[in-house]
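*Asks:* Structure in structure tokens, see below.
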Amino acid sequence: MTTLDTLELPETKDPYEPVVARLIETEPLTELERLFVFEPSDGQVLGHRPGQFVQVWIPGVGEAPISICSSPTRGRTFELCVRRVGEVTSHLHRLTAGEEIGVRGPLGNGFDMTAMQGQNVLVIAGGLGLAPARSVIEYVLDERARFDEFHVLYGARSPAEVLFRHDLIRWRHREAINLLVTVDRPDEQWRGRSGVVTKLFADLPRLNPERTCAVVIGPPVMFKFVVVELLARGIPHDRIFCSLERRMRCGIGKCGHCQINADYVCVDGPVFTYERMRELPEAVT
Amino acid sequence: MSARILNRDELLRLIDEAARDRRLIGPVRRGERTFYEAADRAAELDLDGPQCVYSPKAHFFPPEETLLTFERKSRSFVTHPVRHETPTALVAVRPCEIHGIRLLDHVFGAAPADEGYLARRRATFIIALDCFRPCRDEAFCGDLGTNTAHLGFDLMIRRLSDPEEGSRGAERFELTSATEDGASLLSRAGLGRTADRADLDAVRAYERSKASAFPRRLSCEADRLPEVAQRGYTSTVWERTAARCYSCGSCNLVCPTCYCFNLRDEVSLDGKSGARVREWDGCQLREFAVVAGGHNFRAAPAERLRHRVMRKASWIAQRTGLPGCVGCGRCDRACTAKISLVEILNTLAREQDHDHAGHS
């Protein structure tokens, strides 16, 4: 007879236990960055929000926090754009299709896409920031009717460092998006705009600040200047959403590594409103 | 279950009873100092000694532990969870340390829960030992109210007779329980007697004497600490004090409420298997806030010192509603550069009083 005592209770999921993800395909984006398409190998869906991240684990090497650069509207796979900077990312760059790695996540809060519904969406991305921004851009394009005007400003350091070229061309040919791209240091072949990303604000149409949400992702130095532009256009503090980077270790608000003042980037972020960032002096240093 | 009154011999028997199916951890004396370490019998423990050098957290949050093991296959891997649930009787834990354990329980228990930590904690039976006077000059538990604990343990010992005054024969210990496990051990052991009128008088005398035994060391009220720390964020005290900080992390090491950690991989010599390991980390160490690519978000010792003090005095309380510092004084004592947390807090409070006076 089965009684409560003999029933096996399922073990609670260990938050440090990764799920297995299989590499479907990979392609180089620049000299330092590669795009990876993964699929959870147990038939599951990652189930992320734009702006969330995963802890990528190479057994025997370690973990690294990586933003998800694809939209959850794109099926069972999820994509990571990885810059080769350390041990884990170097190992990632040597993976071939079919190999399996560990993944924990999705982690972090991600962007509140519901709050942006019915609003103009203005995305400003600098450098590698285009990777997490891409999850927002694809999401808005896939759910286009839910949003009003859609503007994307992207700045890279040089033409060779421009990420997601195929996507940029594809996006540019859609009427549903106003995409402006600039590079800090153009070469002879570059026929686009040049200068820092804030210069692109001059080419934006007037946006009703009460009906506009801004998404800002880029290196710390970019935030200060972009926020100045957004404030000058009257966009409210609580509708400027910034994604911050720190050294996430546990990813679940315990280990203390990603702390910015009282907040943990891994659970309170990585997305913070400018309103909250003003309370966090360490946020942009 | 009402209180039981035990003499010393009965107390030791009770502790041995608690440790019958558990490993026994308690204060073990080595020279002038005591450490929470394994012992075979209660008689080996020093129940009257000074505060242990380290807090007891290592016995359920070890300095280094394996979270899972893995084996690498040709193009994949498998993992195996690792659980350590050695039943443990942790004895003579002080009230401040109980408050520290409650904070760790809160942090590791918050969703998503750290099941490994919780498994160890569930397997730990805690016998607390109340303090009737400060255990050291650096302590300021009396200011914080952490010199007393009402929950977070299974049994609580209060020494109703002062060991320096009363003769051994007259020694009395009051035992109360805060959990069913505690109550059941107390009644199963059947030791001692229920409190009589004279015992209750002794309890009242104990509480009266305790109320005045802890001198005030903080120059502001404890509930103002978060505000004092916040307002002191831009003070020059950080630069001035951190100028002599070695960034050694000793303060983190001894602290009952420090729980920051690192995760890393260990690999066998043939590279085919390994373990995912958790180890303590400390926010005072130089590399703590370094990100991929090398940027250090707290490169200056002053930034790291401020980070620690802000956590202890303000941020942890903000996040958890529990004290981020329990006033044990270990960090002051452990600091080779004689940096004092209490002095920093008092300096901030004083600066703000001056500011206030200047403006009024």
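*Asks:* B:Lys272: which lysines have alpha carbons under 23 Å from its alpha carbon, excluding same-chain residues fewer than 8 sequence positions away?
*Replies:* Reachable lysines: B:Lys73.
*Asks:* Moving on to the next point. What figure in square angstrom, to the nearest 10, would you give for the accessible area of A:Arg233 with a 1.4 Å probe?
*Replies:* We get 90 Å² for A:Arg233.
*Asks:* What's the buried accessible area, both sides, between B and A using a 1.4 Å probe, rounded to 100 Å²?
*Replies:* So the total buried area for this chain pair works out to about 3700 Å².
*Asks:* Between their Cα atoms, which of A:Lys13/A:Lys254; A:Lys13/B:Lys312; B:Lys312/B:Lys338; B:Lys57/B:Lys210 are more than 22 Å away from each other?
*Replies:* Values: A:Lys13/A:Lys254 16 Å; A:Lys13/B:Lys312 31 Å; B:Lys312/B:Lys338 18 Å; B:Lys57/B:Lys210 26 Å.
From the list (A:Lys13/A:Lys254; A:Lys13/B:Lys312; B:Lys312/B:Lys338; B:Lys57/B:Lys210), the Cα-Cα distance tops 22 Å for A:Lys13/B:Lys312; B:Lys57/B:Lys210.
*Asks:* Please find, in a Gaussian network model of chain B (springs between Cα atoms separated by less than 10 Å), the residue of B:Leu45, B:Leu67, B:Leu103 whose mean-square fluctuation is greatest.
*Replies:* So, out of B:Leu45, B:Leu67, B:Leu103, the one fluctuating most is B:Leu67.
*Asks:* Can you give the accessible area of A:Cys81 in Å² (nearest 10), computed on protein heavy atoms with a 1.4 Å probe?
*Replies:* Around 10 Å² of this residue is reachable by solvent.
*Asks:* By its C-alpha gyration tensor, with a ≥ b ≥ c as the square roots of the eigenvalues, how is chain A shaped: rounded for a/c under 1.5, else prolate for a/b larger than b/c, else oblate?
*Replies:* Note, shape of chain A comes out prolate.
*Asks:* Classify region B:178-244 as rounded, prolate or oblate, taking a ≥ b ≥ c as the square roots of the eigenvalues of its Cα gyration tensor: rounded when a/c is under 1.5, otherwise prolate if a/b is larger than b/c and oblate if not.
*Replies:* prolate
*Asks:* Here's a follow-up. Taking H placed 1.01 Å from N in the peptide plane, check which residues at least 5 places from A:Ser158 or on another chain put their amide H under 5 Å from its amide H.
*Replies:* The answer is A:Asp184, A:Arg185.
*Asks:* For every helix of n ≥ 4 consecutive DSSP H residues, a contribution of -39,500 (n - 2.57) applies; sum these over chain B, divide by its total residues, and give [θ] at 222 nm rounded to the nearest 500 deg cm²/dmol.
*Replies:* Values: 13 runs with 120 residues, N = 360.
It comes out at -9500 deg cm²/dmol, rounded to the nearest 500.
*Asks:* Please list A:Asp263, B:Asp16, B:Asp355 from largest to smallest accessible area, probe radius 1.4 Å, with all protein chains kept in place. Walk me through the numbers before you get to the answer.
*Replies:* Numbers: A:Asp263 15, B:Asp16 55, B:Asp355 85 Å².
Per-residue accessible area, sorted high to low, gives B:Asp355, B:Asp16, A:Asp263.
*Asks:* Then there's this: How many angstrom lie between the Cα centre of region A:88-145 and the Cα centre of region A:27-61?
*Replies:* Centre-to-centre (Cα) distance: 10 Å.
*Asks:* Mind giving me the nanometre distance, one decimal, between the label points for B:Asp270 and A:Asp238, set 7 Å out from Cα along Cα→Cβ?
*Replies:* Computed distance between label sites B:Asp270 and A:Asp238 equals 6.1 nm.
*Asks:* With springs only between Cα atoms under 10 Å, which of A:Glu17, A:Glu25, A:Glu229 fluctuates most in a Gaussian network model of chain A?
*Replies:* With Cα springs under 10 Å in chain A, the top fluctuation among A:Glu17, A:Glu25, A:Glu229 is at A:Glu17.
*Asks:* Connecting C-alpha atoms closer than 10 Å in a GNM of chain B, tell me which of B:Ala38, B:Ala19, B:Ala275 has the biggest fluctuation.
*Replies:* B:Ala275
*Asks:* Hey, how many Å between the Cα centroid of region B:1-43 and the Cα centroid of region A:169-236?
*Replies:* 68
*Asks:* How long is the protein assembly as shown along each principal axis, judged by its Cα atoms, biggest number first, in Å?
*Replies:* Result, largest extent first: 95, 77, 45 Å.
*Asks:* Cross-link partners among aspartates and glutamates for A:Lys199, C-alpha distance below 16 Å, same-chain residues fewer than 8 apart left out?
*Replies:* A:Asp184, A:Glu229
*Asks:* To continue, here is another question. Arrange the residues A:Thr73, A:Thr212, B:Thr236 by how much accessible surface each exposes, largest first, with a 1.4 angstrom probe. Write down the numbers at each step before the final one.
*Replies:* Numbers: A:Thr73 55, A:Thr212 0, B:Thr236 85 Å².
Reading off the accessible areas and sorting them downward yields B:Thr236, A:Thr73, A:Thr212.
*Asks:* Sequence-distant or interchain residues sharing an amide H contact under 5 Å with A:Cys69, placed H: which?
*Replies:* A:Glu79, A:Leu80, A:Cys81
*Asks:* Can you send over the solvent-accessible area of B:Lys272, 1.4 Å probe, protein chains only, in Å² to the nearest 10?
*Replies:* In the full protein context, B:Lys272 sits at about 130 Å².
*Asks:* Further question on the same structure: Rounded if a/c is under 1.5, else prolate if a/b beats b/c, else oblate: with a ≥ b ≥ c from the C-alpha gyration tensor eigenvalues square-rooted, which is region B:25-140?
*Replies:* prolate
*Asks:* Would you please give the residues with an amide H less than 5 Å from that of A:Ser194, counting only those at least 5 places away or on a separate chain, with H modeled from the backbone geometry?
*Replies:* A:Val183
The values are calculated or read from the model by the stated rules, or taken from the named source; none is laboratory data. Bear in mind the structure is a predicted one, so any value in this text is a computation, not a measurement. Neighbour counts run over all protein chains shown; Cβ positions are idealised from the backbone, glycine included. Quick note on the areas: whole protein, heavy atoms, side chains included, nothing else; ligands and nucleic acids left out. Shrake-Rupley method; radii C 1.70, N 1.55, O 1.52, S 1.80 Å.
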